[in-house]
1. What FRET efficiency do you get for residue 356 and residue 279 if R0 is 51 Å and r is their Cβ-Cβ distance, rounded to the nearest 0.05?
2. Express the relative contact order of region 1-120 as a whole percentage, based on alpha carbon pairs under 8 Å and six or more residues apart in sequence.
3. Could you calculate the FRET efficiency of residue 299 with residue 347 from 1/(1 + (r/R0)^6), where r is the beta carbon distance between them and R0 is 22 Å, rounded to 0.05?
4. Which entry in (1) 20.7; (2) 22.4; (3) 30.9 is this structure's computed Kirkwood radius over Cα pairs in Å?
5. Round to the nearest 10 and give me the degree value, 0 to 90, for the angle of helix 31-41's Cα axis relative to the longest principal axis of the chain.
6. Test of understanding: ordering 250, 143 by Cβ neighbours within 10 Å, fewest first, what list do you get?
7. Angle between the Cα long axis of helix 362-374 and the longest principal axis of the chain, 0 to 90 degrees, nearest 10?
8. Is region 242-314 best put as rounded, prolate or oblate by its Cα gyration tensor, with a ≥ b ≥ c the root eigenvalues, rounded for a/c under 1.5, and otherwise prolate when a/b is larger than b/c, oblate when not?
């Protein structure tokens, strides 16, 4: 655990073991130690663990079926109920699967969890809570023990271990040997008194002891990193986003943004209301103007109706509308004195006019027809008749052949 720091409780005080440190612990209630701790917390790659007091946590291992695996979160308290002294409502349960059929579980009181949570309120980086025995180095076929004053910390498996008074260590180990399928090949002991520590080991396995001088800091140097994937922070104590802390930090900014958004919305609404009133006034003015030109008839869409009316007067082509066609015809008619137009009918679809003219004689009518054709128009005489001293003729004039 070269890049890992461990925080634990010793006689009610929080202490920490710096990453990779072989020396002893530092008290976190001392100012200098806190500065070192926060500096270490800022280093990239550093990991922090809270060593949950082993005396307050009981570890279990059990086999589960595939069907039990689906509902083990709800069923675990009732499965362990007979082995527990307290009511399950007062206990906190955490579990993790080891393989497909093996379940590791830890149980402690809810009061203890709340107490530790309050102690660690100033250290939000402690997101891994691991029972103390699981911090000791371990490998298959080996047991690891840590002797500390009047108590001993023991790890006997990947997820088995406990903390116990030193006086009870020998009978506890003897019971563990009796329940185990096979005795450990070696017992690694960390302590300060080799003779006294070895004497607490049952006689059948005393010759397998590998004693090493050191404390938890020494053991952590050889422990795996991470020491275990198990985390006691589950269920009601699972990690959650620090919404309350974020709110305290950003509520002033949020208030300013909310105020700015409110002002923007009010300004937008005021502008929209003004534009809506202007639109109503403009539409009323358009309708009034339309009625001046066309006083009668239904009015649905003044702009569209007025556009259609103008279109009917202009015609549909750029040079074939009524006005353009009459301009060309009128220019030719005006060049023949004594000739006048009596009636005109305009066909918008055919872009042609039928007109009755009166002229001095038939020759004048023919001259007009010929002049219209030379001007690029198509002029045909539909009828002609003498009317007194003049001639009356009906011509059809268009832009096509």
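1. 0.55
2. 20 percent
3. The formula returns an efficiency of 0.20 here.
4. Only one option fits the structure, namely (3).
5. The angle comes out near 50 degrees.
6. Placing the least packed residue first, the sequence is 250, 143.
7. Approximately 30 degrees, to the nearest ten.
8. prolate
Any read-out appearing in this document is the output of simple, stated calculations on the displayed coordinates, not a laboratory observation. Since we're looking at a predicted model, the values are computed, not measured. Here the Cβ is made from the backbone with ideal geometry for all residues, glycine too, and neighbour counts use every protein chain on show.
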